[in-house]
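K.L.:
One structure follows; several queries about it will come next.
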Amino acid sequence: MLHGAPTPDQAIEREERRLAFLEALHQLPVHEGDVIIAHDIFEMSIEDVAEQQDAPVSTAYRWRSRGIEALIRALRPRRG
């Protein structure tokens with residue numbers, strides 16, 4: 001096995017986390033998800049994102065904040 005290559009269990013866990021993130025992102029209101037995708041994944045400035053969404057910059061920041069909080073809640077490990 002190459003140094004640094006994930007084990008099969010690690011690869012499965014990584015894919016499960018990726019799918020959980022995508023599912024959580026899909027559950028967000030569209031405007032929140034769009035802002036997170038544009039700003040945090042595609043690295044657009046929040047000003048450009050706001051313009052793209054035809055919204056004030058403060059609103060884009062608020063949508064992003066709400067979306068990030070919802071993602072954190074959705075992806076937080078459940079305590080049993």
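The values are calculated or read from the model by the stated rules, or taken from the named source; none is laboratory data. Note that this is a predicted model, so its numbers are computed, not measured. Cβ coordinates were reconstructed from backbone atoms using ideal geometry, including for glycine residues, and neighbour counts include every protein chain displayed.
Residues are listed down the side, and each one gets a yes or a no for (1) of a type outside the set (S, T, N, Q); (2) surrounded by fewer than 11 Cβ atoms within 10 Å (Cβ to Cβ); (3) in contact (Cβ under 8 Å) with a residue 24 or more places away in the chain:
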| residue | (1), (2), (3) |
| --- | --- |
| ILE12 | yes, no, no |
| LEU22 | yes, yes, no |
| LEU28 | yes, no, yes |
| GLY33 | yes, no, yes |
| GLU43 | yes, yes, no |
| ALA50 | yes, no, no |
| ASP54 | yes, yes, no |
| ALA60 | yes, no, yes |
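K.L.:
Take ASP48 and tell me if it is acidic (Asp, Glu) and at pLDDT 95 or above.
P.N.:
Details: acidic (Asp, Glu): yes; at pLDDT 95 or above: yes.
So ASP48 fits the description; yes.
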